[in-house]
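Let me begin by presenting the structure, written as C-alpha cells, before commenting on it.
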Amino acid sequence: MASQAELDSVYMGTAILHAKLSKAKRLQVGACIVTSSGVCLTGYNGTPAGWDNACEDSNNVTKPEVIHAEINAILKAAREGVSLLGSTIYITHSPCLPCAAKIAQAGVSRVCYNLWYRDDSGIKALLKAGITVDQVPILTINSGPQIADTPTDPCQGCAPRAVCRTPSCGRLKRLKAIVDNNRPA
C-alpha cells in the first residue's frame, strides 16, 4: 500500500497537471480534492463555462469573474452530489482567505499546498478552524511533477510576489512556524 507521502505527491501532481489547463496568463492554479472514500475531483482557475476564457484584463489584472481552482473543484463536487466531509484538498498555491472560508464550510479536513502565495491569512483561518494544513513541495519539471528534496534556485531575497522555497529563507521559516505552532497536538 502507498504511504501518505507517496499519495500526497501523486495528488499534488494531479493538481499541478490540472493547473496547466488554466487559460490564466499571470498564474495558473490547480486543485485536486480526494474524499474519504477515494473520489477525486479536480479544478483549475478560470472563467465560468461558456464565458470568454481570458482571465486577465488588458492591464493584466485578474477579472472578477474568474473562479479560483479550489472553488471550481468544490463546485464540481456540489454538481456531482459528492460530500466533501473529511476530504483532503491539494492546491498548487496556498489559498486566499475567501477560499479558505469556503474550504472550511465544505467540510474539508486537510489542506495541502505546494507553493505559498501572497499572504498567510487563508492558512491562519484554516488552522484556527481546526483544519490540518501541510505543505507538499513538488517541483515541476518538463517531464512532469517531481518531489522536491532540495530547492533548485538560490534565494532571490523573496522579492514581492516571488515564491522562495530556499530552506534558509526567512519568509518560508515564518510560514512554517505559523503552521507548526497552530497544529493541534
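The values are calculated or read from the model by the stated rules, or taken from the named source; none is laboratory data. As the structure is a computational prediction, the values presented were derived from the model and not from experiment. Cβ placement follows ideal geometry from the backbone for every residue including glycine, while neighbour counts extend to all protein chains displayed. With ligands, DNA and RNA removed, areas are computed over all heavy atoms of the protein, side chains included. Shrake-Rupley method; radii C 1.70, N 1.55, O 1.52, S 1.80 Å.
Spin-label model, Ser83 to Val10: label points 7 Å out along the Cα-to-beta-carbon direction sit 2.4 nm apart. For the range 1-148, the carbon plus sulfur part of the accessible surface works out to 55%, probe radius 1.4 Å. Pair-distance distribution P(r) for the range 56-142, from all Cα-Cα distances in 10 Å bins starting at 0: 17, 47, 29, 7, 0 percent. Rounded to the nearest 20, the size of the Cβ-charge dipole of the range 43-121 about its Cα centre is 300 debye, with Lys and Arg at +1 and Asp and Glu at -1. Each residue of the range 79-84 was assigned a 3J(HN,Hα) from its phi angle through the Karplus curve 6.51 cos²θ - 1.76 cosθ + 1.60 (θ = phi - 60°); the sequence is 4, 8, x, 9, 6, 9 Hz, with glycine and proline shown as x. Apply the a/c threshold of 1.5 to the C-alpha gyration tensor of the range 1-151 and tell me whether it is rounded, prolate or oblate. Cα axes put the range 1-151 in the rounded bin.
Accessible surface for the range 1-97, divided over its residues, is 52 Å² per residue with a 1.4 Å probe. Along the axis of the charge dipole computed for the range 27-137 (Cβ charges of +1 for Lys and Arg, -1 for Asp and Glu, origin at the Cα centre), the listed residues Asn53, Gly81, Cys99 are led at the positive end by Gly81.
Between Glu65 and Ala2, what is the FRET efficiency for a Förster distance of 45 Å, r being their Cβ-Cβ separation, to the nearest 0.05? That pair, Glu65 with Ala2, gives E of 0.70. Per-residue packing, averaged as other Cβ atoms within 10 Å, sorts the ranges 3-14, 26-37 into the order 26-37, 3-14, beginning with the highest. Placing +1 on the Cβ of every Lys and Arg and -1 on the Cβ of every Asp and Glu, with no other charges, gives the range 1-81 a dipole of roughly 160 debye about its Cα centre. Close lysine pairs were tallied over the range 1-146: pairs 8 or more places apart or on different chains with Cα atoms under 15 Å apart number 5. Label zone (Arg26, point 7 Å along Cα-to-C-beta; backbone nitrogen cut-off 19 Å) within the range 96-116: 96-100, 115-116.
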